[in-house]
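The block underneath contains the structure these notes are about, expressed in structure tokens.
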Amino acid sequence: MSQRLNPEPVRHYPELAHIAALKEQSGDWRGASQYWAMAEDVARLLENRLWAGSRARYCSHEARQGLGYAGRTVSSPDLKSLASTPISLKNAREAVRDDE
């Protein structure tokens, strides 16, 4: 019998992205950033990799600010509307160019 080197179960993009979104909603920016980074690593689609990487950077920035939504004058994002917004490859490429 072979032993697994990593006892952690293998997680897939949808599960990791869901956990990351929940952590964002609760204001756990550091945790959300970590889960988005893990989701980026396992994502198979380019759009998912770009989205998860973008969210990881955003959450990392928010964690450095030290404020949750309670410290802001804006409300938390509506994650359902974000999830229903289609991401096209063209938009993803434009977003990457904007970052350069």
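The values are calculated or read from the model by the stated rules, or taken from the named source; none is laboratory data. Keep in mind the model is a prediction, meaning the values are calculated, not measured. With ideal geometry, Cβ positions are generated from the backbone for all residues, glycine too; neighbour counts draw on all protein chains shown.
A few points about this structure:
- Beta carbons closer than 7 Å, at least 6 apart along the sequence or on distinct chains, pair a first residue in the stretch 15-27 that is closer than 13 Å to residue 52 by Cα with a second that is among the small types (Gly, Ala, Ser) for 16/39; 17/39; 17/52; 20/32; 20/39; 24/32.
- Only listed residue being more than 19 Å from residue 13 (Cβ to Cβ) and surrounded by fewer than 18 Cβ atoms within 10 Å (Cβ to Cβ), chosen from 44, 49, 30: 30
Yes or no, residue by residue, for (1) basic (Lys, Arg); (2) outside any loop (DSSP other than H, G, I, E, B); (3) at pLDDT below 95:
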{"residue": "3", "(1), (2), (3)": "no, no, yes"}
{"residue": "9", "(1), (2), (3)": "no, no, yes"}
{"residue": "53", "(1), (2), (3)": "no, yes, no"}
{"residue": "63", "(1), (2), (3)": "no, yes, yes"}
{"residue": "73", "(1), (2), (3)": "no, no, yes"}
{"residue": "81", "(1), (2), (3)": "no, yes, yes"}
{"residue": "96", "(1), (2), (3)": "no, yes, yes"}
